[in-house]
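S.K.: This is the structure I have questions about; it appears just below.
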Amino acid sequence: MNRARRDILDGIRRGLRGGRAPDPEMLAAVDERLARHPRDLIPARVDLPPDRLVTLFMEKAEAMAATVGRVADVSGIPGDIAAYLAGHNLPPEIKIAPDPALTGLPWESRPTLTVKSGAAQDGDVVGVAMALAGIAETGTLMLHSGRHGPTTLNFLPDNHIVVLRRSAIVGPYEDAWDRVRAAGALPRTVNLITGPSRTGDIEQTIQLGAHGPRRLHIVLVDGD
């Protein structure tokens, strides 16, 4: 942590304490809670075997206006994406995350697709990213930032395509956060995405694409 950031956070801490000295017991309690990762109440609807969790995830995601394509293995990802673009009359151009799981796909099987890798830029219409987890509890995708996952891909393009492995679908949020911790150092950003961007601020009418992508398509990969 650089000095400027440390000074700012120290100032916030002093303000929250009202100028009082740190309470060692309180700090110890906070450290203990952070280390223990206590779990909250888990909804009964996610107490399911893996196959039914997949079904529940798909139902919840589709209820929130996402679409789900299912492929047998990673070789089917380019075909599903190409079909999705054609079905929505979108240009065959995509910007994918610089993740080996995506850059190493057989894109040459779809020669009409133009594939570029990197962070999304103004003008990119379709962004493709990898999900760390899919949360069956609410049909939510969990993505995290890093050199293999630029956050701009999740928000800048009008069309968001997310690749999700079947084995990454979990029941409750607590299990998804366990996957974040297991991945190593905590990322700078974790994005929880449930359906396309939307707002009801204008005359209480739902509008898609208000603060991000207006479409969300999930490519669910059953095998490796």
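S.K.: For 135, 218, which order do you get if you count the other beta carbons within 10 Å of each Cβ and list the fewest first?
M.R.: 218, 135
S.K.: Using a Gaussian network model of the chain whose springs link C-alpha atoms within less than 10 Å, name the residue from 149, 123, 15 with the highest mean-square fluctuation.
M.R.: Of the options given, 15 has the highest mean-square fluctuation.
S.K.: Could you give me D for the range 64-132, from Stokes-Einstein at 4 °C and 1.567 mPa s, where the hydrodynamic radius is the Kirkwood radius over C-alpha pairs? Units µm² s⁻¹, please.
M.R.: Calculated translational D: 102 µm²/s.
S.K.: Restricting attention to the range 1-107, which trypsin sites (Lys or Arg not before Pro) occupy a DSSP loop and are surrounded by at most 16 other Cβ atoms within 10 Å?
M.R.: 17, 20, 39
S.K.: What are the ³J(HN,Hα) couplings of the range 104-115, residue after residue, when phi is run through the Karplus curve with 6.51, -1.76, 1.60 and θ = phi - 60°? Round to Hz, x for glycine and proline.
M.R.: Coupling constants for the range 104-115: x, 6, x, 4, 5, 6, 10, x, 7, 7, 9, 10 Hz.
S.K.: Cα gyration tensor of the range 44-221, axes a ≥ b ≥ c as square roots of the eigenvalues: rounded (a/c below 1.5), prolate (a/b > b/c) or oblate?
M.R.: Rounded shape, in that the Cα axes give a/c under 1.5.
S.K.: What does the extension gain come out to for residue 55 and residue 13, with contour length at 0.36 nm per residue minus their alpha carbon separation?
M.R.: Contour length minus Cα-Cα distance gives 10.6 nm.
S.K.: Counting alpha carbon pairs within less than 8 Å and at least 6 residues apart, what relative contact order, in whole percent, applies to the chain?
M.R.: Computed over the chain, the figure is 23 percent.
S.K.: Let me ask another. Divide by every residue of the chain the summed helix terms, -39500 (n - 2.57) for each DSSP H run of at least 4, and state the resulting mean residue ellipticity at 222 nm, rounded to the nearest 500 deg cm²/dmol.
M.R.: -9000 deg cm²/dmol
S.K.: Would you mind ranking 34, 192, 56 by Cβ crowding within 10 Å, fewest neighbours first? Walk me through the intermediate numbers first.
M.R.: On the way: 34 9, 192 13, 56 20.
Going from sparsest to densest Cβ surroundings: 34, 192, 56.
S.K.: Here's something else I'd like to know. According to the square roots a ≥ b ≥ c of the eigenvalues of the Cα gyration tensor, what is the shape class of the range 1-104, taking rounded for a/c under 1.5, prolate for a/b larger than b/c otherwise, and oblate for the remainder?
M.R.: In terms of gyration-tensor shape, prolate.
S.K.: Here is a further query. Where the centre of each part is set by its Cα atoms, how far does the range 64-139 sit from the range 44-58, in angstrom?
M.R.: A separation of 24 Å, based on Cα centres.
S.K.: Which residue fluctuates most in the GNM of the chain (Cα springs below 10 Å): 30, 74, 115?
M.R.: Taking springs between Cα atoms under 10 Å, the residue moving most is 30.
S.K.: Separate question: Sequence-distant or interchain residues sharing an amide H contact under 5 Å with residue 70, placed H: which?
M.R.: For residue 70, the qualifying residues are 220.
S.K.: Using θ = phi - 60° and the Karplus curve 6.51 cos²θ - 1.76 cosθ + 1.60, what whole-Hz ³J(HN,Hα) does each residue of the range 49-57 get, with Gly and Pro shown as x?
M.R.: So the J values, rounded to whole Hz, are x, x, 4, 6, 5, 4, 4, 5, 4.
S.K.: As a test, work out the antiparallel percent of DSSP beta bridges whose residues both lie in the chain, rounded to the nearest 5. Present the calculation step by step, with values, prior to reporting the outcome.
M.R.: Numbers: 10 of 35 bridges.
Rounded to the nearest five, the antiparallel share is 30 percent.
S.K.: Right, something else. Classify the range 123-190 as rounded, prolate or oblate, taking a ≥ b ≥ c as the square roots of the eigenvalues of its Cα gyration tensor: rounded when a/c is under 1.5, otherwise prolate if a/b is larger than b/c and oblate if not.
M.R.: Because a/c hits 1.5 or more and a/b fails to exceed b/c, the range 123-190 counts as oblate.
S.K.: I would also like to ask the following. Among 27, 16, 153, whose mean-square fluctuation peaks in a Gaussian network model of the chain (Cα, cutoff 10 Å)?
M.R.: Taking springs between Cα atoms under 10 Å, the residue moving most is 16.
Taken together, the values in this text are just the output of simple stated rules run on the coordinates, not laboratory data. None of these values were measured; they are calculated from a predicted model. Because the Cβ atoms are built from the backbone with ideal geometry, glycine has one as well, and the counts that use them run over all protein chains shown.
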